[in-house]
1. Return the residues of the stretch 20-38 that are surrounded by fewer than 17 Cβ atoms within 10 Å (Cβ to Cβ) and not polar (S, T, N, Q); say none if nothing qualifies.
2. Would you point out which residue out of Thr193, Thr197, Thr264 is of a type in the set (S, T, N, Q) and within 22 Å of the chain's Cα centre (by Cα)?
3. Is the stretch 134-153 home to any residue that is touching a residue at least 12 places away in the same chain (Cβ under 8 Å), within 16 Å of the ligand (Cβ to nearest atom) and farther than 20 Å from Ile60 by Cβ?
4. Free of Cβ contacts under 8 Å to residues at least 60 places away in the same chain and of a type in the set (A, V, I, L, M): is that true of Val362 in this structure?
5. Taking only the stretch 17-60 into account, find how many residues are in contact with a Phe, Trp or Tyr (Cβ under 6 Å, 6 or more places away or on another chain) and either within 16 Å of the ligand (Cβ to nearest atom) or of a type in the set (A, V, I, L, M, F, W, C) (or both).
6. Which condition does Met76 not pass, out of (1) surrounded by fewer than 20 Cβ atoms within 10 Å (Cβ to Cβ); (2) part of a strand (DSSP E or B), if it passes all the others?
7. Give just the number: which of (1) free of Cβ contacts under 8 Å to residues at least 12 places away in the same chain; (2) touching an Asp or Glu at 6+ places or on another chain (Cβ under 6 Å) does Lys42 not satisfy?
8. Residues of the stretch 166-175 being within 15 Å of the ligand (Cβ to nearest atom) and either open to solvent by 10 Å² or more (accessible area, probe 1.4 Å) or at pLDDT below 95 (or both), which ones?
Amino acid sequence: MIPVNEPLIGSKELEFVTEAVSSGWISSEGKYIHLFEQEFAKYHGVKHAITVNNGTNALILALRALNLPKGSEVIMPSMTIMSCALACIYNDLVPIFVDCDADTWCIDVSQVDAAITPRTKAIMPVHFYGHPADMDIVLSIAEEHQLYVIEDFAEAIGATYKGRKCGTMGHLNCASFYANKTITTGEGGVCLTNDDTVAAEVRKLKNLAFVPERRFLHYELGFNFRMTNLQAALGYAQMFNIDQHIDKKIEIAGLYSTLLQPLTEKGFIQLHTQKNGCKNIFWVYALVLNKDLGTNAAKVMKALENKGVQTRPFFFPLHQQPVFKSFNWFKNQELPISEHLSEQGFYLPSGLTLEKETVEIVADALIQVLNEIV
Ligand SMILES: *Cc1c(COP(=O)(O)O)cnc(C)c1O
């Protein structure tokens, strides 16, 4: 089976993690936490990088740190991971779902204005599969209505929008270092911000809301969302190769796109785009099956699995998640692009260890499968 993803772990990773283990600093204190945070902040040209134990908790903490009134609304795309909605729900906030753009698969910024109410307090654009959301529009709507912007750049570390890196444009921005992300710490996440006060708040909250004056004295309810020094050692080592990781993703995408040309020319599949002024890092290599083919992602994914190719579907749209149906804020919505993508979209093996020959095998398998179907 060709795996959908494999992390790229080099000798530096092994060296630093070994060093962290033998130093005895195996919990959340130790030099690698600082080195990793410093390096990640520097890479983004942002003042503060605060590591946490996963990307979901980074989002939860970001919204907690903003201290929004109960019931405040946060506008986000429906086509994203559950984590974005959980970040609201666990903070007594309400997620408001809008559709996504048919080409970038990011939040459809033309729908944001209509979703704003007096309770709206933030917008959470998600840079989808490596493509930046249309941040000029997001930021100008946010400015006009005095809203916070929280970028979820988990899938777009290193992507740029008009020369600016994803993760640097919002007030407080979150990423993940899960094994399939651009750089990994196994499990891990980060909040980036230039705001000193918010940074201090995030730092306090992730560490049980300890205060400096007296250990074990608490004025606030915190969390233990700390990253370990072992994880940070892995992450710090990964920082030495972050740009190579990004280049490799883009190279894989270029290769797939060339090989799959017979399918795009026939209009069988839609590929991800790269809008003017944007750098898509092609975090995964995704495609959407044309509805007219009379098949769907699930069927094609099954056929590919039978040929030894592992794939993953797009997210299930948040506005249709069964678990939300019992919430008082739930409303029946039709968001056709998100629904279409979740029916017809999936991604191919896109890991950093992928060889050219393997990409060719995968592309051949897909061409065969689709030619058999139509
Ligand atoms: C991976 C991911 C997350 C959360 O990551 P975890 O570290 O697994 O909690 C959040 N948002 C997006 C868009 C992601 O892809």
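The values are calculated or read from the model by the stated rules, or taken from the named source; none is laboratory data. Not measured: the values here are computed from a predicted model. Here Cβ is always computed from backbone atoms with ideal geometry, including for glycine, and neighbour counts include all displayed protein chains. We work out accessible area using only protein heavy atoms, side chains counted, and drop any ligands, DNA or RNA first. Shrake-Rupley method; radii C 1.70, N 1.55, O 1.52, S 1.80 Å.
1. First, the residues of the stretch 20-38 that are surrounded by fewer than 17 Cβ atoms within 10 Å (Cβ to Cβ): 21-24, 26-27, 29, 31, 34, 38.
Across the stretch 20-38, the qualifying residues are Val21, Gly24, Ile26, Glu29, Lys31, His34.
2. Numbers: Thr197 fails: within 22 Å of the chain's Cα centre (by Cα); Thr264 fails: within 22 Å of the chain's Cα centre (by Cα).
Exactly one residue qualifies, and that residue is Thr193.
3. The initial filter retains those residues of the stretch 134-153 that are touching a residue at least 12 places away in the same chain (Cβ under 8 Å), namely 134-139, 141-142, 145, 147-153.
Now drop any that are not within 16 Å of the ligand (Cβ to nearest atom), which leaves 135, 138, 149-153.
Subsequent filtering for residues that are farther than 20 Å from Ile60 by Cβ retains 135, 138.
Yes: the stretch 134-153 contains one or more residues that are touching a residue at least 12 places away in the same chain (Cβ under 8 Å), within 16 Å of the ligand (Cβ to nearest atom) and farther than 20 Å from Ile60 by Cβ.
4. Values: free of Cβ contacts under 8 Å to residues at least 60 places away in the same chain: no; of a type in the set (A, V, I, L, M): yes.
Considered against the rule, which asks whether it is free of Cβ contacts under 8 Å to residues at least 60 places away in the same chain and of a type in the set (A, V, I, L, M), Val362 comes out as no.
5. Result for the stretch 17-60: 8.
6. (1)
7. Of everything listed in (1) free of Cβ contacts under 8 Å to residues at least 12 places away in the same chain; (2) touching an Asp or Glu at 6+ places or on another chain (Cβ under 6 Å), Lys42 misses just condition (2).
8. Passing the criteria: only Gly170.
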